[in-house]
1. Just checking, how many residues over region 104-149 are assigned to a loop (DSSP other than H, G, I, E, B) and surrounded by fewer than 20 Cβ atoms within 10 Å (Cβ to Cβ)?
2. With the condition kept exactly as written, say whether any residue in region 51-67 is open to solvent by less than 50 Å² (accessible area, probe 1.4 Å), in contact (Cβ under 8 Å) with a residue 24 or more places away in the chain, more than 23 Å from residue 147 (Cα to Cα) and not in a loop (DSSP other than H, G, I, E, B).
3. For a quick check of your reading of the model, give me the residue pairs whose first member lies in region 142-162 and is closer than 9 Å to residue 72 by Cβ, whose second is β-branched (Val, Ile, Thr), with beta-carbon atoms closer than 6 Å and at least 6 apart or on different chains.
4. Do we find that residue 100 is at pLDDT 95 or above, touching a helix residue (DSSP H, G or I) at 6+ places or on another chain (Cβ under 9 Å) and open to solvent by 30 Å² or more (accessible area, probe 1.4 Å) in this structure?
5. Mind listing whichever residues of region 12-42 are part of a loop (DSSP other than H, G, I, E, B) and surrounded by 16 or more Cβ atoms within 10 Å (Cβ to Cβ)?
6. Among the residues of region 1-51, which ones are under 30 Å from residue 160 (Cβ atoms) and of a type in the set (Lys, Arg)?
7. Mind checking which residues of region 150-171 are part of a loop (DSSP other than H, G, I, E, B), open to solvent by 70 Å² or more (accessible area, probe 1.4 Å) and modelled with pLDDT of 90 or more?
Amino acid sequence: MQYTLSPKPLTPKAFAPFGDVVQRSGKPPIMINDNNTERYDSLAKVQLDQSGDTAVINIFRAQPRAMPMRIRMMERHPFGSQSFHPLSGEDYLILVAEAHDSLSPEHLHLFLATADQGINYHKNTWHHPILGLNKVCDFLVIDRKGSGHNCEEFFFNDDVHIQITHRTETYSEGAAPC
């Protein structure tokens, strides 16, 4: 079976089943610091499941991916959310699926995030690791730290060929447009 996915624009409505789009648009800012700073408040909530969990801030450095790219694996985090915020001024791809027990290509959705859009995956949202496009890119990542293994991986069977592209809008037969 061959599936090809092309990205759709990342919008809060389209991404809502998977998490939050973190960007300045939408809510009006709260003025702070003697009216010198706009605060865009509570754009996403960090989800932590267990007592003793903490939210940590990391920087991930992503290597660019060659396109088209074959997808073999997805991952999810059952005990907390995970949030990515680009620091390098580059667009990137987001491949997600809702919290199914077993994944199939029809569950996948591919989005193109702009350089000013961060995302917050809800806990248990299947996603592919970072998909940088043009150059090495840094991401500020807000993640859960605590006891228990908070990363589950799902590997597609070898006879399932899922391919993502960056720009094309064509789908192979049987592919679910996102």
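1. 16
2. Within region 51-67 (the criterion being open to solvent by less than 50 Å² (accessible area, probe 1.4 Å), in contact (Cβ under 8 Å) with a residue 24 or more places away in the chain, more than 23 Å from residue 147 (Cα to Cα) and not in a loop (DSSP other than H, G, I, E, B)), the answer is yes, since at least one residue qualifies.
3. These pairs meet every condition: 162/71.
4. Details: at pLDDT 95 or above: no; touching a helix residue (DSSP H, G or I) at 6+ places or on another chain (Cβ under 9 Å): yes; open to solvent by 30 Å² or more (accessible area, probe 1.4 Å): yes.
No: the conditions fail for residue 100.
5. Pass one, region 12-42, residues part of a loop (DSSP other than H, G, I, E, B): 16-18, 23-29, 33-36, 40-42.
Scanning region 12-42 gives 18, 23.
6. Within region 1-51, 8, 13 qualify.
7. Correct list: 157, 158, 159.
The values are calculated or read from the model by the stated rules, or taken from the named source; none is laboratory data. Being a predicted model, the structure only gives us computed values, none of them experimental. Glycine gets a Cβ as well: all are built from the backbone with ideal geometry, and neighbour counts include every protein chain shown. These accessible areas exclude ligands, DNA and RNA; they are computed on the full protein's heavy atoms, side chains included. Shrake-Rupley method; radii C 1.70, N 1.55, O 1.52, S 1.80 Å.
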